[in-house]
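A short worksheet on the structure shown next.
The values are calculated or read from the model by the stated rules, or taken from the named source; none is laboratory data. A quick note: this is a predicted structure, and the numbers were derived from the prediction, not measured. With ideal geometry, Cβ positions are generated from the backbone for all residues, glycine too; neighbour counts draw on all protein chains shown.
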Amino acid sequence: MKYDAIIFDFDGVLLESEYAGNRQIAEYLTSIGHPTSPEDSVANFMGLSGAGFLGAIEKWIGRTIPDDFHAARAVEDHRALEEGLPAVAGAIRFIETLPAALPRAIASSSSTEWITRHLDHLGVRDAFGDRIFSGREHVPRGKPAPDIYLHAARALGVDIRRTVILEDSPVGVRGAVASGAYVIGLCAGTHCAPGHADRLRALDVQAIAADFDDVARLIA
């Protein structure tokens, strides 16, 4: 491989959660009088977490988020954790074919509970061990700051400049590019509409991959 380590975003890179989650947000916002499509939600909220996520929604609707939004989100998250969600096409095979000695980590805006539960569902929890890092839990600043990627590289004991990062969201790409890593914009998830690759290119990713076969070729 060209690189000393690989860092994965999670939602939308390994797990097909972005479209499902953004569809739920869109349906909720539409139901309270703010017509929103899943594509609107992906474009405006994808990759955000915590205060940044809530702030983006409030900016979109022009008012404070109703209290029952959090309850609706909790119900959807519970369902997803109990039932599981599918992997992004090709993700599992790609993980399983990585060299065993290659350091790898997940650096996500989601909680470690969300990530580990879904890795268990997908059957690849052991591929990452304890190298699972959350922008909510492990660093003061989440994405689009580069902190979570730098934290992951330090934990792996590698130079971030010798690391490849797979990201799918504009928010994540901004942080990944700022970290100094080689960044591949992955457009393999069902949430990646036409034009998504162009959005990522505009943020200075070094390469675009339409699927995990492209990723394998880029890092070989």
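Screening the range 97-113 for residues that are free of Cβ contacts under 8 Å to residues at least 40 places away in the same chain and in a helix (DSSP H, G or I) and picking the one that is farthest from the chain's Cα centre (by Cα) gives GLU113. For the range 20-36, a residue qualifies if it is surrounded by fewer than 20 Cβ atoms within 10 Å (Cβ to Cβ), over 21 Å from the mean Cα position of the chain (by Cα) and closer than 12 Å to ALA72 by Cβ, and the qualifying residues are GLU27, SER31, ILE32. None of ALA210, ALA193, ALA197, ALA176 is among the aliphatic types (A, V, I, L, M), within 23 Å of PHE133 (Cβ to Cβ) and in the same structural domain as ILE92 (by TED's automatic domain parsing) except ALA176.
No other residue among ALA56, ALA91 is in contact with a Leu (Cβ under 9 Å, 6 or more places away or on another chain) and either aromatic (Phe, Trp, Tyr) or buried (at least 18 other Cβ atoms within 10 Å of the Cβ) (or both) apart from ALA91. Taking residues in the range 135-163 that are of a type in the set (Phe, Trp, Tyr), and partners anywhere that are assigned to a loop (DSSP other than H, G, I, E, B), the pairs with Cβ atoms closer than 9 Å and at least 6 places apart or on different chains are TYR149/LYS143; TYR149/GLY180; TYR149/ALA181. Quick one: would you say TYR149 is touching a Ser or Thr at 6+ places or on another chain (Cβ under 6 Å) and among the hydroxyl-bearing types (Ser, Thr, Tyr)? Yes; evaluated as a whole, the condition is true for this residue. What about GLY135, is it modelled with pLDDT under 95, more than 16 Å from the chain's Cα centre (by Cα) and of a type outside the set (Lys, Arg)? No.
To keep it simple, each residue is scored yes or no on (1) closer than 23 Å to LYS143 by Cβ; (2) touching a helix residue (DSSP H, G or I) at 6+ places or on another chain (Cβ under 7 Å); (3) not assigned by TED's automatic domain parsing to the domain that holds HIS138.
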residue	(1), (2), (3)
THR30	no, no, yes
THR36	yes, yes, yes
ASN44	yes, yes, yes
ALA51	yes, no, yes
GLY55	yes, no, yes
GLU58	yes, no, yes
PRO66	no, no, yes
ASP77	yes, no, yes
PHE94	yes, yes, no
